[in-house]
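Below is one structure, written out as structure tokens, with a few remarks after it.
The values are calculated or read from the model by the stated rules, or taken from the named source; none is laboratory data. No experiment lies behind these values; they were computed from the predicted model shown. Cβ placement follows ideal geometry from the backbone for every residue including glycine, while neighbour counts extend to all protein chains displayed. Note: areas computed on protein heavy atoms with side chains; ligands, DNA, RNA excluded. Shrake-Rupley method; radii C 1.70, N 1.55, O 1.52, S 1.80 Å.
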Amino acid sequence: MPRKEQPISVRFDASFERQEDGCWQWNKNIGNHGYGRISERNIDGRWVMKSAHRMSWEIHCGQIPAGAFVLHSCDNRRCVNPAHLRLGSATDNAADMVSRNRQARGIDKQSAKLVPVQVMEIRKRIKAGDRLMAVSSEFGISKSAASMIANGKRWKHIQC
């Protein structure tokens, strides 16, 4: 005889621990990006993986509108406390990332060609009068990239 399947809310409630800071820390499956994950059977009977914080919203607050994001006010990807969650847009999500200084920039970007010491050297040399074309060629970047670095429009977080 097949085992009776537990309701999603019961499995959900058994998958986190309440922390002193108010977060409900997800302690089961964690995805590659650090968010909790939980499986749920969909209408046609197949199992699908969902983000645990989105499932928390659905269980405690209701349906998530199409295209909406569920954002964390606590900045803890594993938190599933509905009091720490809110609905927002992609723009809201990006603004949160920037305001919390979590965006990839400079050397954190996989495509970065430079390291901070090179950025400081480029700024120093261009300020001293070296030609953009010579500096950009030496560092393997475009003339416009060298100009934006020199003017502080790129690598803004590096101060010389």
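Of all residues in region 1-56, those satisfying the criterion of being under 16 Å from H72 (Cβ atoms) and aromatic (F, W, Y) are F16, W24, W26, Y35. At pLDDT 85 or above, open to solvent by 60 Å² or more (accessible area, probe 1.4 Å), assigned to a strand (DSSP E or B) and not aliphatic (A, V, I, L, M): which single residue out of E58, E17 fits that description? Being at pLDDT 85 or above, open to solvent by 60 Å² or more (accessible area, probe 1.4 Å), assigned to a strand (DSSP E or B) and not aliphatic (A, V, I, L, M) holds for just one of E58, E17, which is E17.
Under the condition of being open to solvent by less than 90 Å² (accessible area, probe 1.4 Å) and within 26 Å of the chain's Cα centre (by Cα), the residues counted in region 149-160 number 5.
When only residues in region 61-79 that are touching a residue at least 12 places away in the same chain (Cβ under 8 Å) and small (G, A, S) count, which is surrounded by the most Cβ atoms within 10 Å (Cβ to Cβ)? So the residue we want is A68.
Just one residue in the set D44, D92 is assigned to a loop (DSSP other than H, G, I, E, B) and open to solvent by 50 Å² or more (accessible area, probe 1.4 Å); that residue is D44.
Take the conditions (1) within 27 Å of A94 (Cα to Cα); (2) at pLDDT below 90; (3) open to solvent by 70 Å² or more (accessible area, probe 1.4 Å); (4) in contact with a strand residue (DSSP E or B) (Cβ under 6 Å, 6 or more places away or on another chain); G31 misses just one of them, which is (3). Scanning region 20-41 for residues that are in a strand (DSSP E or B), touching a residue at least 24 places away in the same chain (Cβ under 8 Å) and of a type in the set (G, A, S) turns up just one, G36.
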